[in-house]
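Single-structure report; data block below.
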Amino acid sequence: MLNEEKVILMTKLASYEETEGKQNEKIGNYFRGDYLTVEVLKSLLYGTIAFVLGFGLYILYDFDVFMEDIYRLDIFTFAQNILTYYVIALIVYAVITFLVYSFRYTGTRKKLKRYYHNLKKLSMLYQKK
């Protein structure tokens with residue numbers, strides 16, 4: 001005889017495992033600080049690439065004007081301004097990344113806790129048998 005509660009619980013568990021369980025399991029294997037550090041470092045790398053590409057496109061857009069003004073340009077001030085924009089952009093990007101991945105980690109831990117609770121509940125149902 002089938003126990004309806006077992007079937008419902010097993011269906012929920014299988015659905016979770018198929019949809020988001022694998023990804024959540026990967027995130028759940030990290031400590032919070034380690035996970036956030038890895039994600040922030042990856043985002044800083046991608047942010048650097050994006051800044052370099054954006055700066056390159058900016059220079060290429062007005063390349064004629066840039067080449068005309070290059071002799072009148074104070075290189076140290078120009079480099080300092082670019083570096084300042086770069087640091088500000090990366091700090092803002094890192095803070096946003098930290099917040100997003102903190103919320104994601106917290107939500108994942110809650111889902112994993114619920115999943116493990118349901119597994120324990122299913123185990124108890126089998127032991128009652």
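Quick notes on this structure:
- Pair list, Cβ < 7 Å and 6+ apart or interchain, from the stretch 81-95 residues that are under 13 Å from G54 (Cα atoms) to residues that are part of a helix (DSSP H, G or I): I82/F55; Y86/F51; A89/G47; A89/F51
- Residue check, L53 exposed (fewer than 12 other Cβ atoms within 10 Å of the Cβ), more than 20 Å from L99 (Cβ to Cβ), at pLDDT below 90 and not acidic (D, E): no
- Every condition in (1) farther than 30 Å from M124 by Cβ; (2) assigned to a helix (DSSP H, G or I) is met by L73 except one, and the failing one is (2).
- Qualifying residue in the stretch 41-64 (condition: in contact (Cβ under 8 Å) with a residue 60 or more places away in the chain and part of a helix (DSSP H, G or I)): no
The values are calculated or read from the model by the stated rules, or taken from the named source; none is laboratory data. Here the structure is a predicted model, which means the values were calculated and not measured. As a convention, Cβ positions derive from the backbone with ideal geometry for all residues, glycine included, and neighbour counts pool all protein chains shown.
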